[in-house]
Amino acid sequence: MSYAPGIKEFVDTVNATLPPDYYTYPVERQRELYDSLTTALPIDVPDTVTWRDATAEHGGRAVRLRIYQPATTSGDAVVFYVRGGGFVIGSLHSHHSLVAEIADRTGLVTIALDFGMAPENPAPGPVEDCYAGVSAVLADPAAFGLAIDPTAAVVAGESSGANMAVVLSMLTRDRGGPALRGQALISPVLDFTRWRQGGEDAPLLSGGEMEYFVACYCPDARQAADQYVSPLLEGKFHGLPPAYVVGCEKDSLRVDAERYVELLEQNNTPVRYVLEPGMVHAPVRARGVSEPAADMVRRFCAAVVTLADGGDITEVPGV
């Protein structure tokens, strides 16, 4: 199976900037190299979007947020975006242009959730940080200078960020709130147990890399099977918000996305699954060099708007 246009060049650029064995480097060097992808694959922030940083406090946790405000809003819903990076690498900087673009294309206030990273902050720390951020904003939007509807929130993310978006959907159900209107996911990783001893290599996602991420996030091997770490194992799938799920053809995590879709369907949750042909794992950063990747992000944003509006996610315009 061939790459989608532009994806081979994207893979080559990433590998030249972030060597495939980067996960063997000291963790601070890993983070520096990952953030340098913004220079190797530059994408401008839309000039129609303004942004500011804030701190949210909830449940004894203080977490950073970056709030993106589009010049023209399409509604009063809010999008929370959780970045990927295996819980170990990534930053508000690494996903800055992506979250700004989501705000621009959706016309909705979009908030990037920051969190303490593993191995310094292992499970459940990162997702609890994200839960604190979502809970604080939706409990009192005015405290953050926001005029949003706290009952119209969508959680979104890619890779490990999509894992946390799924877990946030479960936690808000299990803890009695705050209410979420939808979940939008790209290449979610939802079963960490299969990577504890490594596994298959795929473009931009090796078995060794996944084994490393699991060891950092779940230093106690038993944690990997927890329902809020690997939802596909013991998770409960009733009462979750409607979902838009993207799987990528050349991604070893595609099976996680497809199994999650099956479980949502079995529990009568509205869900739309889209398989992106010729795409590698979570190719959001490729949108500047690959038109199919850019189109994937455009359609993802259209799905987010449908979820935020409470529309039928199985009938997303243009998808």
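If I filter region 74-86 for residues that are at pLDDT below 95 and closer than 19 Å to VAL155 by Cα, do I get at least one hit?
yes
Mind checking whether some residue in region 43-56 is at pLDDT 95 or above and within 20 Å of SER169 (Cα to Cα)?
yes
Could you list all residues from region 175-190 that are touching a residue at least 60 places away in the same chain (Cβ under 8 Å) and not basic (Lys, Arg)?
LEU180, GLY182, GLN183, ALA184, LEU185, ILE186, SER187, PRO188, VAL189, LEU190
Look through region 269-288, keep the residues that are among the hydrophobic types (A, V, I, L, M, F, W, C) and touching a strand residue (DSSP E or B) at 6+ places or on another chain (Cβ under 8 Å), and return whichever of them is surrounded by the most Cβ atoms within 10 Å (Cβ to Cβ).
Applying the filter and picking the extreme gives MET279.
Please find, within region 247-293, the residue that is nearest to GLY199 (Cα to Cα) out of those that are among the polar types (S, T, N, Q) and free of Cβ contacts under 8 Å to residues at least 60 places away in the same chain.
SER252
Let me confirm something: among ILE148, ILE102, which residue is outside any helix (DSSP H, G or I) and touching a residue at least 60 places away in the same chain (Cβ under 8 Å)?
After ruling out the rest, the residue left standing is ILE148.
Looking only at region 107-117, which residues are surrounded by 24 or more Cβ atoms within 10 Å (Cβ to Cβ) and under 16 Å from the mean Cα position of the chain (by Cα)?
THR110, ILE111, ALA112, LEU113, PHE115
State whether the residues of region 28-40 include one that is of a type in the set (Asp, Glu) and farther than 18 Å from SER94 by Cα.
The answer is no, given that none of the residues of region 28-40 is of a type in the set (Asp, Glu) and farther than 18 Å from SER94 by Cα.
Before we move on, is GLY145 surrounded by fewer than 17 Cβ atoms within 10 Å (Cβ to Cβ) and touching a Pro at 6+ places or on another chain (Cβ under 7 Å)?
Criteria not met by GLY145.
Any chance you could count how many residues in region 183-198 are assigned to a loop (DSSP other than H, G, I, E, B) and at pLDDT 95 or above? Talk me through it step by step, then tell me what you get.
First, the residues of region 183-198 that are assigned to a loop (DSSP other than H, G, I, E, B): 187-192, 197.
Now drop any that are not at pLDDT 95 or above, which leaves 187-192.
Final tally of qualifying residues: 6.
Please state which of the following conditions ASP129 fails to meet, knowing it meets all the rest: (1) under 28 Å from VAL27 (Cβ atoms); (2) part of a loop (DSSP other than H, G, I, E, B); (3) touching a residue at least 24 places away in the same chain (Cβ under 8 Å).
Unmet for ASP129, out of (1) under 28 Å from VAL27 (Cβ atoms); (2) part of a loop (DSSP other than H, G, I, E, B); (3) touching a residue at least 24 places away in the same chain (Cβ under 8 Å): (2).
Name the helices (runs of 4 or more DSSP H) wholly within region 216-319 that hold at least 1 residues that are more than 23 Å from PRO126 (Cα to Cα) and not aliphatic (A, V, I, L, M)?
On the way: elements: 231-234, 254-266, 291-308.
Per the criteria, 254-266, 291-308.
Which residue out of VAL63, VAL14 is under 16 Å from GLY90 (Cβ atoms), within 22 Å of the chain's Cα centre (by Cα) and in a helix (DSSP H, G or I)? Don't jump to the end; show me each part of the working.
Values: VAL63 fails: in a helix (DSSP H, G or I).
Of the residues listed, the single one that is under 16 Å from GLY90 (Cβ atoms), within 22 Å of the chain's Cα centre (by Cα) and in a helix (DSSP H, G or I) is VAL14.
The values are calculated or read from the model by the stated rules, or taken from the named source; none is laboratory data. Remember, it's a predicted structure, so these values are computed and weren't measured experimentally. Positions of Cβ are backbone-derived with ideal geometry, glycine not excepted, and every protein chain shown enters the neighbour counts.
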